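A short worksheet on the structure shown next.
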Amino acid sequence: MKIKTKLTSGIGLLFMIIVLLGVLAISYIDKLADDTKNILSDNYNSLDYAKGMLYALDNLETDREALNIFMENLEKQRLNITEINESEATDRLARHFKLLDENPSEQNIRQLRLDLNQIMSLNMASIQRNSVIAEDTARQATLWISIIGICSVGIALALLLLFPSQITRPISELTRGIVEIAHRNYSKRLHFYSTREFNEVATSFNDMAERLEEYQQSSLATLLSSKKYLEAIVNSIHEPIIGLNHDRQILFVNNEALTVLNLKREQMIHQSADELSLKNDLLRRLIRELVHPNEKHEPLKIYADDKESFFQAVYVPIKLTETETEGEKQVGNVILLKNITEFKELDSAKTTFISTISHELKTPISAIMMSLKLLEDQRIGSLNDEQQSLASSIKENSDRLLNITGELLKLTQVETGKLILSPKISKPIELINYAVSATRVLAERFGCNIEVEYPEKIHKLFVDSEKIAWVITNLLSNAIHYSKENSRIIVGAKEVDQTIQIFVQDFGKGIDPRYHQSIFDRYFRVPGTKVQGSGLGLAISKDFVEAHDGKIWVESEIGKGSKFTIAFPVR
Ligand code: ADP
């Protein structure tokens, strides 16, 4: 049933009962009024007339008007006949009055008194009867009004108790249902049978919950299939890959990564990488490099599947844009291990090749140099000017060739790990002087003035003096080559914060800040450099310095010159 119908019928019923109660009360009051009117107007008047006539009889002798009073009251009584036998009694009274008029004897008066008594008795009896009827009517009225009153109170109570709960119960159940849906419990269903409106609400709610459940299941299915798809992609990558969330919990890992880490998938997924790394060396190194991104990342040598492989770890931050206002947020990292075994093998083949070639070249170059020396010897015969110039050109190029082969050999030493250091205590000034004298001829050729800045007190170094002297020589040679003719070059040493620094400063063309890092890479030359060179000097210098736990850097500005510094910790 509809709430509206329920409300209408409930209130309608109450209304009808109230109307019925009113009608009943009015009709009973009316009836009671009728009953009392009967008593008052009919019987009471008859008694009143009889009383008047009795009074007249009592005063017949004294009051001359008594007969008239009697007649008046008799007339009135004649018009007020209401009871059975009253008419005969009145007629009799009239007849006896006539007799009294003719013969006013005591007997006639007595007779009249008897007649009047009869009329009074008739009316008295009627009064008694009517009052019993009125009492009955009043009792009935009380009974019916009470019954209907009780009924209406019952109905009102029932409406009062049942109706509000019939409305509030479904509403609170609906509220609970909405809360469940808000908490993603889409299996929640409502069943209201009490009213049609609530039944419709429940049906709509259940429809909505069903759709949401279907949507959830379909999006879950899509998500699951997308997840499987992504897992398949990750697994098909032939390089180890590990996905971590922001708290470094492992989200995914492919089979290659499981092989190199020697772990099982169940041991890794959803586990903390930090905790796992306590038991796994490789993972520990990867996490350390992830946490300290500025540290140098050496290739990883991993022995897995009965072979030795080299991997270069790449750390890719995963960024997400969750809301327009918040912008990009890092939500995790992917660690990708690039298999560089093939490059390593090629690189080592290249190094061996360069080493062999450089070594093999040294003998013919030395032979050329020897032959040149003999050619320049006057004892063999003098050379004309043109021959002399050709011979010096051959010497210059042979020197360069020897230089380059020397650099290449040094490089192969570093790359093959065959760099052997023979450290000894040396004064920085000794190394500086060695370099200055080694580049004197070159400096003179370019008209460069080398100034030495040296403090009075400075700690000694514990380095392989030959190698560090070579580094300073290389820096000085670069300073001369990349400066204008006749310029100033400062070479010096100083002690700063427990480090001994040796620097070479020129006032030449300077280096674009974009290349300050790259110039220390192998074979790198600043684009547009016209001076002949191999691009190896600074790379080898860096290797030599770092082999001593030292550092090398450049401060330079285009047009203002460059300052190269090497620094070693004080021991
Ligand atoms: P090479 O000098 O043989 O080219 P280096 O490794 O010594 O190789 O230097 C790498 C590059 O750095 C050079 O090609 C040059 O462009 C730049 N460079 C090195 N020293 C200086 C310097 N003092 N002033 C300007 N540029 C320099």
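Please sort 102-108, 480-486, 441-447, 427-433 by packing, taking for each peptide the average over its residues of neighbouring beta carbons within 10 angstrom, highest first. Walk me through the numbers before you get to the answer.
On the way: 102-108: 11.0, 480-486: 16.3, 441-447: 12.7, 427-433: 19.0.
Put in order of decreasing packing, that is 427-433, 480-486, 441-447, 102-108.
Each of 388, 259, 28 was scored by the projection of its Cα onto the charge dipole of the chain, and the greatest displacement toward the positive side belongs to 388; charges sit on the C-beta of Lys, Arg, Asp and Glu. Each of the peptides 490-498, 179-187 was scored by the mean count of other Cβ atoms within 10 Å over its residues; in descending order, highest first, they stand as 490-498, 179-187.
For residue 463, the residues whose amide H sits under 5 Å from its own are 424, 426, ignoring neighbours fewer than 5 places away on the same chain, with H placed 1.01 Å from N. Averaging the Cα positions of each part gives two centres, and for the stretch 551-568 and the stretch 93-167 these lie 136 Å apart.
A Förster distance of 35 Å, applied to the separation of the beta-carbon atoms of residue 146 and residue 196, puts the FRET efficiency at 0.40. Annotation: lysines with alpha-carbon distance below 30 angstrom to residue 76 (same-chain offsets under eight excluded): 31, 37, 51, 98. Partner lysines whose Cα lies under 22 Å from the Cα of residue 279, excluding those fewer than 8 positions away in the same chain, are identified as 264, 301.
Shape class of the stretch 355-474 from the Cα gyration tensor (axes a ≥ b ≥ c, square roots of the eigenvalues): oblate, since a/c reaches 1.5 or more and a/b does not exceed b/c. Only protein atoms count toward the accessible area here, which uses a 1.4 Å probe; on the stretch 345-415, the carbon and sulfur part of that area reaches 59 percent.
Taking every alpha-carbon pair under 8 Å whose residues sit at least 6 apart, the chain reaches a relative contact order of 7 percent.
The angle between the Cα long axis of helix 341-376 and the main principal axis of the chain comes to about 20°, on a 0 to 90 degree scale. Each Cα pair under 8 Å and six or more residues apart adds its separation to the average, and for the stretch 345-415 the resulting relative contact order is 54 percent. When each of the peptides 211-217, 75-81 is scored by the mean number of other C-beta atoms lying within 10 Å of its residues, the order from highest to lowest reads 75-81, 211-217.
On the basis of the beta-carbon distance and an R0 of 35 Å, residue 494 and residue 530 show a calculated FRET efficiency of 0.60. I'd like the orientation of helix 45-58 relative to the chain: the angle between its Cα long axis and the longest Cα principal axis, in ° from 0 to 90, rounded to 10. Orientation of helix 45-58: about 30 degrees from the principal axis. The dipole here belongs to the chain: it is taken about the Cα centre, uses +1 on the Cβ of Lys and Arg and -1 on the Cβ of Asp and Glu, and is about 3000 debye. Express the relative contact order of the stretch 424-569 as a whole percentage, based on alpha carbon pairs under 8 Å and six or more residues apart in sequence. After rounding, I find 24 percent. Estimated at 0.36 nm per residue, the fully extended path between residue 76 and residue 547 surpasses their Cα-Cα distance by 154.0 nm.
Over the chain, dividing the summed -39,500 (n - 2.57) contributions of all DSSP H runs of at least 4 residues by the number of residues returns a 222 nm mean residue ellipticity of -20500 deg cm²/dmol.
The values are calculated or read from the model by the stated rules, or taken from the named source; none is laboratory data. Worth saying up front: this structure is predicted, and the values here are computed from it rather than measured. Here Cβ is always computed from backbone atoms with ideal geometry, including for glycine, and neighbour counts include all displayed protein chains. The area values use the complete protein model at the heavy-atom level, side chains included, leaving out ligands, DNA and RNA. Shrake-Rupley method; radii C 1.70, N 1.55, O 1.52, S 1.80 Å.
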